[in-house]
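First up is the structure itself, then whatever we jot down about it.
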Amino acid sequence: MISSLQSIEQLLDPWKQVYSDSTVLSTSITALHLLGMLFGGGLAIAADRTTLLLRGENPDQRRQHLVDLNEVHRPVLIALALQFATGIAMLTSDLKTFVASPALWIKLGLVPLLLVNGVILQRTETALRRSAGEGVEPPGLWGRLSFNAICSLALWAATCIAGITLVNAA
């Protein structure tokens, strides 16, 4: 494992040098990573908040929210893709340091959970939209959507904390 890590580090050494020698590059990548968190997480958190607020409201308000919620998925996924790309750029700039950090592994575990929760949330929202079009709302789907919204809030917060811990531990 150590020789494999050393081989990868040698392969990434030119990137490490460019990244560490360019304040503009490293600052830009960090800024893009944080902007992905701000916009992607911000949109997701706002949508989650509205989902929770509308749990007991009238069907017309909930139907409109489902339309709005459907429009949030694409920008959140774009922001997550931006975070992934910039996260890889930062990780590969100092692989030896980051790989040794438990915060990295926690964050890398949280991101797939965030994505899986998003897929479940989207499928539930789609099922609710379809049933709303038919005038029937299957029992339990708003409860599941609310549960996924709570999970989303917790996962975005935990991912943010893991990222802050990772940077401060490096």
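The values are calculated or read from the model by the stated rules, or taken from the named source; none is laboratory data. Just so it is clear, the model here is predicted, and its values are computed rather than measured. Counting neighbours? That spans all protein chains shown, and the Cβs are built from the backbone with ideal geometry, glycine included. The area values use the complete protein model at the heavy-atom level, side chains included, leaving out ligands, DNA and RNA. Shrake-Rupley method; radii C 1.70, N 1.55, O 1.52, S 1.80 Å.
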>> Compute the distance from the alpha-carbon center of region 106-170 to that of region 44-61, in whole Å.
In response: 14
>> As I understand it, the value is the acute angle between the Cα axis of helix 23-36 and the longest principal axis of the Cα atoms of the chain; what does it come to in degrees, rounded to 10?
In response: 20
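If you count only protein heavy atoms with a 1.4 Å probe, what accessible area per residue comes out for the chain, rounded to a whole Å²? Don't skip to the end; give the middle numbers.
Numbers: 10070 Å² over 170 residues.
I get 59 Å² per residue for this part.
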>> Residue by residue through region 92-101, what is 3J(HN,Hα) from phi via Karplus (6.51 cos²θ - 1.76 cosθ + 1.60, θ = phi - 60°)? Round to whole Hz and write x for glycine and proline.
In response: 6, 6, 7, 4, 4, 5, 5, 4, 7, 8
> To the nearest 10 degrees, how steep is helix 42-53 against the longest Cα principal axis of the chain, on a 0 to 90 scale?
Replying inline: 30
> Once label points are set 7 Å from the Cα along Cα→Cβ at both V99 and S7, what is their separation, rounded to one decimal in nm?
Replying inline: 1.1
> What does the accessible area of D68 come to, in Å² to the nearest 10, when a probe of 1.4 Å is used?
Replying inline: 70
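Please report, in debye to the nearest 20, how large the charge dipole of region 103-170 is about its Cα centre when each Lys and Arg carries +1 at its beta carbon and each Asp and Glu carries -1 there.
Details: 5 positive and 3 negative charges, 24 e Å.
Roughly 120 debye, rounded to the nearest 20.
In whole percent, and with a 1.4 Å probe on the protein chains, what portion of the accessible area of region 38-170 is carbon and sulfur?
Working: 4980 of 7380 Å².
Accessible surface attributable to carbon and sulfur in region 38-170 totals 67 percent.
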>> Apply the a/c threshold of 1.5 to the C-alpha gyration tensor of the chain and tell me whether it is rounded, prolate or oblate.
In response: prolate
>> Let me spell out the model: positive unit charges on the Cβ of Lys and Arg, negative unit charges on the Cβ of Asp and Glu, origin at the Cα centre of the chain. What dipole size does that give, in debye rounded to 20?
In response: 280
>> Quick one: the Cα spread of region 118-161 along its three principal axes, in angstroms, biggest first?
In response: 42, 15, 10
> Which value in nm describes the separation of the simple spin-label points at L77 and L34, placed 7 Å from the Cα toward the beta carbon?
Replying inline: 2.8
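How would you classify region 74-129 from its alpha-carbon gyration tensor, with a ≥ b ≥ c the square roots of the eigenvalues: rounded for a/c under 1.5, else prolate if a/b is greater than b/c, otherwise oblate? Can you show the working numbers first?
Details: a/c = 6.57, a/b = 2.21, b/c = 2.98.
Oblate shape, in that a/c is at least 1.5 and b/c is the bigger or equal ratio.
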> Short version: ³J(HN,Hα) in whole Hz for each residue of region 132-141, in order, from phi by Karplus 6.51 cos²θ - 1.76 cosθ + 1.60 (θ = phi - 60°), x for Gly and Pro, what are they?
Replying inline: 5, x, 8, x, 10, 10, x, x, x, 5
> Picking from G140, S152, T86, whose Cα lies most toward the positive end of the charge dipole for the chain (charges on Cβ: Lys, Arg +1; Asp, Glu -1)?
Replying inline: G140
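Divide by every residue of the chain the summed helix terms, -39500 (n - 2.57) for each DSSP H run of at least 4, and state the resulting mean residue ellipticity at 222 nm, rounded to the nearest 500 deg cm²/dmol.
-30000 deg cm²/dmol
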>> Can you give me the angle between helix 2-21 and the longest principal axis of the chain, using Cα atoms only, in degrees from 0 to 90, rounded to the nearest 10?
In response: 90
